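These notes are about the structure you will find just below.
FYI, it's all coordinate maths here, none of it is from the lab. Since we're looking at a predicted model, the values are computed, not measured. Backbone-built Cβ (ideal geometry, glycine too); neighbour counts: all protein chains shown.
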Amino acid sequence: MSRRSLLRGFSGLGTAGALAALTGCGVPAAYVEAGDRSAADRSARDKSLVFANWPLYIDTDDKNTSKRPTLDAFSKRSGISVKYTEEINDNDEFFGKISPALMNHQETGRDLIVISDWMAARFVRLGWVQEMDRAKQPNVAKYLDPQLSSPAFDKGRLHSVPWQSGITGIAYNKKRLGREIKHTSELWEPSLKGKVTLLSGLDEAFALLMQGDGVDITRWTADDFHRMCDQVEKYVKNKQIRRFTGNDYIKDLSTGDVLACQAYSGDVIQLQADNPDIEFVVPEEGAELWAESMMIPNLARHKSNAEKLIDYYYEPEVAAELAAWVNYVCPVPAAREVLASSKDKDTAELAEDPLIFPDDAMRKRLAIARDITSGERVEFAKRWNAIVGL
């Protein structure tokens, strides 16, 4: 099971609810000014850091899963010990865990975290993460995928660096369906009635559906959102859509209960290993390119150590080793040549997989959606939840 398949389709109301609950307790969701975000850095005298990540999102040793080869190599080379915790199981849940400390100008106990970019946008807006020193990160400056280098929420990637990336597109069983799918609109054909699923999470679902309607998701509007919802509502009522899912679509697609579904590229790579009839498509109208990014929370005590770890993972050789294990879109395109030169046939073949290294034709159809603003979220999530049944 991949990391991404653990995702539950939360709409984002959980975050709004967490903020409301905290505000109700007399603790406002306060913006932190730039001058109040840093603490005395202990990195020089304390060679350690705490790194919080998602489960199953780093390479492990085949014989001993407690060993993490790339992370162990970093510690051996740098002398920096890393306390690695797999404590992030959901963006909203993790937000609720650390937001009380951040809004109260307190340490979180973590030097490095990995969260989805739609959630990272909120941390940046609230001033809850620190700007990184790119002078200490030459590999990031040199090797970061240009297509991921400047999202709307963090121009120039000053506060975030992608850990891994991926695509939200369409997966389908080509053999059972008997044909190819090339357009999002094909999900609504009568032959697929009751055999289609969509993702239940608002942030995960909306972009691809808007793209299918010809919307530029880098600058979508409220009208685009409501028009998309109108369309989805129609297909719920006529039972074209079987249901909305978190990671459940993996099982449905494998058993044949579903013939086509909204899906994540990393999951499909693993499904294809067991069933070569499963295809993943970036529709002609486009698909969403997303990332889950590393960030340094306010008052982190080992900022310099965290910056070194981030830069280490942008060495093409290290990025290649990680990509070979996690099978998501690698944010370091130069890692492709490293994998291609491998003497191991299976490893070398990964360099040719467009779901790990998208080719130029695919990249032209990928876009990073602008995030849902705090002012839009409650209204939009309320409408989406009513459609999905959350």
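Within the listed set Gly194, Gly214, Gly35, the Gaussian network model of the chain (springs between alpha-carbon atoms below 10 Å) gives the highest mean-square fluctuation for Gly35. List the trypsin sites (Lys or Arg not before Pro) within segment 33-142 that fall in a DSSP loop (any state other than H, G, I, E or B) and whose Cβ has at most 15 other Cβ atoms within 10 Å. Hits after loop and neighbour filter: Arg45, Lys47, Lys63, Lys67. Note on Thr65 and Tyr235: their simple-model spin labels are 3.6 nm apart, each label 7 Å out from Cα toward Cβ.
Within straight cross-link reach of Lys237, meaning Cα distance under 20 Å, which lysines are found once same-chain residues fewer than 8 apart are removed? Cα-Cα hits under 20 Å: Lys193, Lys195, Lys382. When restricted to Cα atoms, segment 70-181 yields an Rg and a Dmax of 18.0, 58 Å, respectively.
When the Gaussian network model of the chain links Cα atoms closer than 10 Å, the mean-square fluctuations of Asp46, Asp61, Asp203 top out at Asp61.
In order along segment 96-106, phi translates into HN-Hα couplings of x, 6, 9, 5, x, 5, 5, 6, 9, 6, 10 Hz, rounded to whole numbers, per the Karplus curve 6.51 cos²θ - 1.76 cosθ + 1.60 with θ = phi - 60° and x for Gly and Pro. Taking a straight Cα-Cα cut-off under 28 Å and skipping sequence neighbours fewer than 8 places away in the same chain, the lysines within cross-link reach of Lys76 are Lys47, Lys63, Lys67, Lys136, Lys142, Lys303, Lys308, Lys343. Phi angles of segment 314-329 translate, via the Karplus equation with coefficients 6.51, -1.76, 1.60 and θ = phi - 60°, into HN-Hα couplings of 9, 5, x, 5, 6, 4, 5, 5, 5, 4, 5, 9, 8, 6, 9, 5 Hz per residue; Gly and Pro are given as x.
I want to verify a result. In a Gaussian network model of the chain, Cα cutoff 10 Å, which of these has the top mean-square fluctuation: Gly256, Gly212, Gly375? Its mean-square fluctuation being the largest, the pick is Gly375.
Nearest 0.05, what FRET efficiency do Ser81 and Ser150 give at R0 = 41 Å with Cβ-Cβ as r?
Result of the calculation: an efficiency of 0.80.
The smallest convex shape that holds all Cα atoms of segment 249-387, its convex hull, gives 170 Å³ per residue.
The Kirkwood hydrodynamic radius of segment 308-357, based on inverse pair distances between different Cα atoms, is 10.5 Å.
Potential lengthening of the chain between Lys364 and Ser342 amounts to 5.1 nm, from the contour at 0.36 nm per residue minus the alpha-carbon distance.
For segment 256-267, putting each phi into the Karplus relation 6.51 cos²θ - 1.76 cosθ + 1.60 with θ = phi - 60° gives couplings of x, 5, 10, 9, 8, 7, 6, 8, 9, 4, x, 5 Hz, in residue order, rounded to whole numbers and with x for Gly and Pro. For segment 210-269, the square roots of the Cα gyration tensor eigenvalues, ordered a ≥ b ≥ c, give a/c of at least 1.5 with a/b no greater than b/c, which places it in the oblate category.
Here the Kirkwood formula puts the hydrodynamic radius of the chain at 21.6 Å, using every distinct Cα pair.
In a simple Cβ point-charge model (Lys, Arg +1; Asp, Glu -1; nothing else charged), segment 234-390 has a dipole of about 1020 debye relative to its Cα centre.
Its convex hull of Cα atoms gives segment 173-279 a direction-averaged projected area, equal to a quarter of the hull surface, of 6.6 nm². Give the shape of segment 243-331 as rounded, prolate or oblate, defined through the alpha-carbon gyration tensor: a ≥ b ≥ c are the square roots of its eigenvalues, a/c under 1.5 means rounded, and otherwise the shape is prolate if a/b is larger than b/c and oblate if not. It is prolate, given that a/c is not under 1.5 and a/b is the larger ratio. Listed by chain and number, the lysines whose C-alpha is less than 18 Å from the C-alpha of Lys364, apart from same-chain residues fewer than 8 away, are Lys182. Here the sum of -39500 (n - 2.57) over DSSP H runs of 4 or more residues, divided by the residues of the chain, equals -11000 deg cm²/dmol at 222 nm, to the nearest 500.
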